Amino acid sequence: MLCQNEQGVLSGSDYFLTTVSDTARELYYYTTILGHYHCEKGYRIQRETAHSYLLMSIRRGQLLIRCKDTSMSAQAGQTVLLDCYHPHLYYANGDLEFSWLHLSGSNSQALCDHLTSGSGCLITTQQYEEVNALLYQLLSRFRNRQTVSESLCSRTIYDLLCCLMPDAGLPGTEASFDTPAGRMCAFIHAHLSEPLTLGILAAQAELSPYHFTRVFKKETGYTPYEYIILCRIDHAKYLLKNSALSVKEIALQVGYHTEISFINAFTQKAGISPGRFRKFPIG
């Protein structure tokens, strides 16, 4: 649907309205409106609430935003995930082009809250082009009047949100080791049986402990401490299923000084004791 009579929105802009089933509202991610806008100064949206999250990918220009008493500026190459359950304002101060969709459903609010809990609604992602490709894919189906199944729409929205995850730029490839966080992930895996303090890791990365923690959390989604614990528990699971080592020996191999401290940590994370995990059937 071509956009008409919306202040600041230029010709060539379009948007699409959708009606979703009760099943989609209960089980899927869904959108009720999405579009692609070319704007000029004068484009301005102010709401008390929209009962959704708004994902916007800035292609050109600058979008000024105010939400939750915080002001920010989104530039070309950035993605915005705006909590529209709260009063919000966004506007253009010049030429602007962006794709957008309002999303809701399933556990979308919990997931979006997680994505915006660290850096707020303004997200810089290495997966920016993937975000735009997915938005274009969805918009193209509506433009071409193709049938858009609710399950396909849900999957596309979930893929969009996954592109905004903190670890989206750290795939399991050699490229991931080009960053301080990637190098320290490899270092952690190679030294699980040794003491791994924040000071040791920061020194290895040649960063201050504070800066290293911020960089590591931004790139992996975990604090260094959280990542170490998860790696130790994962490796312990492997040894429990694939070796005859005793629980005490495994505890030492994954960096725990005592058997009891390992058992407590494993039980807390896995929800089952190491002994029971070893006996529990797989598959």
Quiz item: Among the residues of segment 140-157, is any closer than 17 Å to residue 53 by Cα and open to solvent by 20 Å² or more (accessible area, probe 1.4 Å)?
Solution: yes
Quiz item: Any residue at all in segment 48-58 that is over 27 Å from residue 107 (Cα atoms) and out of contact with any Lys or Arg (no Cβ under 6 Å at 6 or more places or on another chain)?
Solution: no
Self-check item: Residue satisfying all of: in segment 158-169; of a type in the set (A, V, I, L, M, F, W, C) and at pLDDT 80 or above; surrounded by the fewest Cβ atoms within 10 Å (Cβ to Cβ) among these
Solution: 162
Self-check item: In segment 33-51, the residues that are within 21 Å of residue 81 (Cβ to Cβ) and open to solvent by less than 50 Å² (accessible area, probe 1.4 Å)
Solution: 33, 34, 35, 36, 37, 39, 43, 45, 50
Quiz prompt | Where a residue in segment 94-108 is of a type in the set (A, V, I, L, M, F, W, C) and its partner, wherever it lies, is assigned to a strand (DSSP E or B) and open to solvent by 40 Å² or more (accessible area, probe 1.4 Å), with Cβ under 7 Å and at least six apart | solution = 96/60; 96/62; 98/59
Quiz item: Which of the residues spanning segment 138-154 are over 11 Å from residue 31 (Cα atoms) and in contact (Cβ under 8 Å) with a residue 40 or more places away in the chain?
Solution: 139, 142, 143, 148, 151
Quiz item: Say we look at segment 86-135 and pick out the residues that are part of a strand (DSSP E or B) and of a type in the set (Ser, Thr, Tyr); which of these is most open to solvent (accessible area, probe 1.4 Å)?
Solution: 91
Quiz item: Here is a list of conditions, (1) closer than 30 Å to residue 162 by Cβ; (2) out of contact with any Leu (no Cβ under 6 Å at 6 or more places or on another chain); (3) open to solvent by less than 50 Å² (accessible area, probe 1.4 Å); (4) assigned to a helix (DSSP H, G or I), and residue 230 meets all of them except one; can you say which number that is?
Solution: (3)
Quiz item: Does at least one position in segment 67-82 carry a residue that is open to solvent by 50 Å² or more (accessible area, probe 1.4 Å) and touching a Pro at 6+ places or on another chain (Cβ under 9 Å)?
Solution: yes
Quiz item: Across segment 63-85, what is the number of residues that are of a type in the set (A, V, I, L, M, F, W, C), in a strand (DSSP E or B) and farther than 15 Å from residue 160 by Cα?
Solution: 6
Self-check item: Tally of residues being more than 23 Å from residue 162 (Cα to Cα), in contact with a helix residue (DSSP H, G or I) (Cβ under 7 Å, 6 or more places away or on another chain) and either assigned to a helix (DSSP H, G or I) or open to solvent by less than 20 Å² (accessible area, probe 1.4 Å) (or both) across segment 196-224
Solution: 8
Practice problem: Select from segment 194-239 the residues that are farther than 26 Å from residue 250 by Cα and hydrophobic (A, V, I, L, M, F, W, C) and write down the one among them that is farthest from the chain's Cα centre (by Cα). | Solution: 203
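The values are calculated or read from the model by the stated rules, or taken from the named source; none is laboratory data. Computed from a predicted structure; not experimentally measured. Reconstructed Cβ throughout: ideal geometry from the backbone, glycine too, with neighbour counts over all protein chains shown. In case anyone asks, the SASA skips ligands and DNA or RNA and just uses the protein heavy atoms, side chains included. Shrake-Rupley method; radii C 1.70, N 1.55, O 1.52, S 1.80 Å.
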